[in-house]
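Participant: Quick one: the structure is below, and I'll ask about it shortly.
The values are calculated or read from the model by the stated rules, or taken from the named source; none is laboratory data. All of these numbers come straight from a predicted model, not from anything done at the bench. FYI the Cβ positions are ideal-geometry reconstructions off the backbone, even for glycines, and counts take in every protein chain you see.
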Amino acid sequence: MFFYHLFFYFIHFSFLFDFPHRIPIKYTQHILFYSQFLHSIQWLSTALSTTCEQLYKRDHQNWGIHMLINTNHHQQFMLEAIKEAKIAESKNEVPIGAVVVWKNKIIGKGHNLRETSFDSTAHAEMIAIRQASDYLQAWRLLDCSLYVTLEPCAMCAGAIVLSRVEQVIYGASDPKAGCAGTLMNLLQEERFNHQTEVITGVMQEECSDLLKNFFRRLRK
């Protein structure tokens, strides 16, 4: 761009001092042509730059609004899962809760019941999935999202894949048994015939604090 301006100013000043009369006409025409061509290129470059900047701002503003709407939407249902987790806590169960959402409606709820039911499979996700299947009268939970306060284990991840849940949103990661991305990712294993979208970290601090406070009280 610097050389373009240098060339452009040279052309204009040369005409002020009658420089074109001292060189052949054909060269003067060539110089004028290239000067106009470079000027057109500069105008086009400026126009494109302005347009791209406007599109960038517009798209990022829309993206920000979209993310805000999605975040509020996810928090709304994660709060319901947290309510389920608190019910489990009131029963002296590890506070984990889950809800299944279909068309913005909760069709399945569950909280951890391993201790009270003497059932190792009575995880929050499993109970919520069963309720949702009863509601839809189908084992395939198509177009459904599952919200859970703790990352699903291997068993629950398998049930999620088998029931064709479309989306899983979880709060706290599980470093000891998490199979939705921490230890492994069974929900997006390409060798399976179904993969589930995973969204992590929704109300992570609140979900994590539930577990930390519960185990802290047990140690006292």
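Participant: State whether the residues of the range 60-77 include one that is among the hydrophobic types (A, V, I, L, M, F, W, C) and at pLDDT 95 or above.
Facilitator: yes
Participant: Continuing with this model, one more query. Would you tally the residues in the range 66-118 being in contact with a Pro (Cβ under 7 Å, 6 or more places away or on another chain) and within 18 Å of Glu205 (Cα to Cα)?
Facilitator: 3
Participant: Given (1) at pLDDT below 95; (2) farther than 20 Å from Ile160 by Cβ, where does Gly201 come up short, assuming only one miss?
Facilitator: Going through (1) at pLDDT below 95; (2) farther than 20 Å from Ile160 by Cβ one by one, Gly201 breaks only (2).
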